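Colleague: My structure is below; once you've seen it, I'll send some questions.
Every read-out reported here was derived from the displayed coordinates using simple, explicitly stated rules and does not represent laboratory data. Keep in mind that what you see is a predicted model, and the values were worked out from it rather than measured. We place every Cβ from the backbone using ideal geometry, glycine too, and count neighbours over all the protein chains shown.
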Amino acid sequence: MNYKAPRGTHDIFGINALGMSLLEQKSKEIFKKYGFEEIRTPIFEDASLFMRSIGHATDIAEKEMYVFEDRKGRKLALRPEGTASLARAFIEHRMDISNPAGKFFYSGEMFRYERPQAGRYRQFHQIGAEYYGNSSPAADAEVIVLAQDLLAAVGIDKINVYINSLGCERCRPFFRKTLIKYFSSAQDLCNDCVRRLENNPLRLLDCKIDADKFIEAPQMADYLCDDCKENFNLVKSLLKSVDCVYTVDGKLARGLDYYTRTVFEIRSDSTSSQDALAAGGRYDNLVKELGGYNTPAVGFALGSERATLAAQSAGLFNNFKEPEKIFIAIADQELFNEAFAFAVKTRNGLSFNKDISVFGPINGKNLTNQLKFADKIQASKTIVFAKTEFENGKVLIKNMKDKTQTEVAISKS
Ligand code: AMP
């Protein structure tokens, strides 16, 4: 049987692995500047944590979660996103008391049983941040600018930022009712819209299938209470003050139940895909709903696969140079140990940021075949250990391009 990676999963290697590592590395540098600390949570959690936080009537909870029972019959789920896990950890370690203004970031695999297509996988990676304890619109704006900075750090600067306010527990219920009434009279709704109408009517607003039917649909902006309106205006003015260009999208609803007030999405301006690169928003009630102290919070997650792809189309690796490769060969088998020790010493002596990789030696091959191997891996130089030269404290350095050869003294200590 020929094994293949399970449907919707993918192996990340070569330039894609390099791109993703670079994204993770740069994001750590940026998180540090903003004062976000790393937190790593388990890949699986109690399934009910996600049901409760994300909401029962959401795509994720209804059909996308990988739920399983362990040997003791505990119902667990592979994490579909990071916010719920972080909120659970925040409460479990009583950071709602000790560190109520905590700023945390995470990075890792997420799992959703979605229909696989370009930029949409069943196992994918997210880099995300959560900012607890700050209800100020400045925290919303900070998180949006942070997400934008992460993308810019890997060269993605052609982006569009979309924002909206979903209101609060005071103004949203009335908007929900208005929406249910409005949508109830709509004809021929798609199956998803019919299903969501009662439980999650906001989601109908960003339905891709029925979008044309909802052009005239009521918009949350017209139903915001005074506090929410003022709050949203402040977010907008803060974004303007740092020249962050945004578009207010009255139909932006986001899929999850926990959002309150500001929500946002960042989409690429240069690829045809309308899929978001990053998305997030404020969720002021989640910590309390999960049993913690009332702690407002705002956060976002960025899709690492999508961001890596966008970074590559933006030219991240246009000037990329592979490390120089040096191969260590032996003309006489009895010098294998000396050559091996030399290779180890050379690697250890390379300074951390030196772009050089050392290969070899390999035994059981004659010198011609070793040189063929060196050509195959595109080594720039081969260092040959030969008996006569070695006895005189020297090795041969062969330039693999022009095939010239020089003798160089080595220290045997
Ligand atoms: P969400 O957690 O749904 O708000 O998604 C945040 C970001 O994660 C999105 O903007 C995407 O970039 C990425 N993302 C979400 N779902 C997937 C998926 N199935 N495959 C790849 N990336 C995804």
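Colleague: Using the beta-carbon distance between Asn294 and Gln378 and R0 = 51 Å, what value does 1/(1 + (r/R0)^6) give for FRET efficiency, to the nearest 0.05?
Modeller: After rounding to 0.05, the efficiency reads 0.25.
Colleague: Place a label point 7 angstrom from the Cα of Gln405 along the Cα-to-Cβ direction, then list the residues of the range 313-345 whose backbone nitrogen is under 18 Å away.
Modeller: Under 18 Å, as judged by backbone N against the label point of Gln405, lie 327-336, 339 of the range 313-345.
Colleague: Sorted by mean Cβ packing within 10 Å, highest first, what order do the peptides 186-193, 204-211, 318-325 take?
Modeller: Details: 186-193: 13.1, 204-211: 16.6, 318-325: 10.8.
Ranking the peptides 186-193, 204-211, 318-325 by packing returns 204-211, 186-193, 318-325.
Colleague: Ok, one more. Suppose the Debye formula is applied to equal point scatterers at every Cα of the chain; what is log10 I(q)/I(0) at q = 0.10, 0.12, 0.13, 0.15 Å⁻¹?
Modeller: After summing over all Cα pairs, the log10 values are -0.77, -0.97, -1.09, -1.37.
Colleague: By the scheme Lys and Arg +1, Asp and Glu -1, what is the net charge of all other residues having a beta-carbon under 11 Å from that of Ser184?
Modeller: +1
Colleague: Can you give the FRET efficiency for Arg7 and Glu69, using 1/(1 + (r/R0)^6), R0 = 30 Å, r = Cβ-Cβ distance, to the nearest 0.05?
Modeller: 0.85
Colleague: Oh, and also: Roughly speaking, what is the centre-to-centre gap between the range 163-210 and the range 1-74 when only Cα atoms are used, to the nearest Å?
Modeller: 28
Colleague: Note down the magnitude of the dipole of the chain about its Cα centre, charges +1 on Lys and Arg C-beta and -1 on Asp and Glu C-beta and zero elsewhere, to the nearest 20 debye. Let's see the in-between values first.
Modeller: Values: 57 positive and 54 negative charges, 165 e Å.
Result for the chain is approximately 800 debye, rounded to the nearest 20.
Colleague: To the nearest 10 degrees, how steeply does helix 137-153 sit against the main Cα axis of the chain, on a 0 to 90 scale?
Modeller: 30
Colleague: Using the Cα gyration tensor of the range 324-412, with a ≥ b ≥ c the square roots of its eigenvalues, what is the shape: rounded (a/c below 1.5), prolate (a/b larger than b/c) or oblate (neither)?
Modeller: Rounded.
Colleague: Related question: Using +1 at the C-beta of Lys and Arg and -1 at the C-beta of Asp and Glu, which of Val298, Ile383, Ala311 has the Cα lying farthest in the positive direction of the dipole of the range 256-394?
Modeller: In the range 256-394, that residue is Ile383.
Colleague: Nearest 5 percent is fine: what portion of the DSSP beta bridges confined to the range 324-412 is antiparallel?
Modeller: In the range 324-412, DSSP labels about 50 percent of beta bridges as antiparallel.
Colleague: A follow-up question, please. Compute the helix-to-body angle for 14-34: its Cα long axis versus the longest principal axis of the chain, expressed 0 to 90° and rounded to tens.
Modeller: With both axes taken from Cα atoms, the answer is about 60 degrees.
Colleague: With charges only on Cβ, +1 for K and R and -1 for D and E, what is the dipole size of the range 333-399 about its Cα centre, in debye, rounded to 20?
Modeller: The dipole of the range 333-399 has a size of about 180 debye.
Colleague: Please find the FRET efficiency linking Ser270 to Val194, where r is the Cβ-Cβ separation and R0 is fixed at 51 Å, and quote it to the nearest 0.05.
Modeller: Values: r = 36 Å, r/R0 = 0.70.
For R0 = 51 Å, the calculated efficiency reads 0.90.
Colleague: Right, here's the next one. When a/c reaches 1.5 or more, the comparison of a/b and b/c decides; with that in mind, is the range 103-194 rounded, prolate or oblate per its Cα gyration tensor?
Modeller: oblate
Colleague: Same structure again: Can you tell me the convex hull volume per residue for the range 1-134, based on C-alpha atoms, in Å³ to the nearest whole number?
Modeller: 143
Colleague: Test of understanding: what is the full-extension gain from Ile397 to Ala101, defined as 0.36 nm times their sequence separation minus their Cα-Cα distance?
Modeller: Here the answer is 100.7 nm.
Colleague: Quick check on my link table: of Lys32/Lys63; Lys345/Lys372; Lys158/Lys251; Lys158/Lys240; Lys32/Lys240, which ones sit more than 29 Å apart, alpha carbon to alpha carbon?
Modeller: Going by Cα-Cα distance, Lys32/Lys63 fall outside the 29 Å limit.
Colleague: Here's another thing I want to ask about it. For the chain, what is the relative contact order in percent, using Cα pairs closer than 8 Å and at least 6 residues apart in sequence?
Modeller: 16
Colleague: Moving on. Show me, for the range 91-96, the HN-Hα J-couplings you get by feeding each phi into the Karplus relation (A = 6.51, B = -1.76, C = 1.60, θ = phi - 60°), rounded to Hz, glycine and proline as x.
Modeller: 7, 4, 8, 6, 6, 5
Colleague: Treating the angle as unsigned and between 0 and 90°, give the value, to the nearest 10°, between the Cα long axis of helix 304-313 and the longest Cα principal axis of the chain.
Modeller: Between helix and principal axis, roughly 70 degrees.
Colleague: Can you work out the PRE-style zone for Arg120? Point 7 Å along Cα to Cβ, and I want the residues of the range 54-80 with backbone N under 13 Å.
Modeller: 59-60, 64
Colleague: Tell me the mean residue ellipticity at 222 nm calculated for the chain from its helices only (DSSP H runs of n ≥ 4, each -39500 (n - 2.57), averaged over every residue, nearest 500).
Modeller: -10000 deg cm²/dmol
Colleague: Checking the cross-link filter: which aspartates and glutamates have an alpha carbon closer than 20 Å to that of Lys321, excluding same-chain neighbours under 8 positions apart?
Modeller: Cross-link targets: Glu24, Asp355, Asp375.
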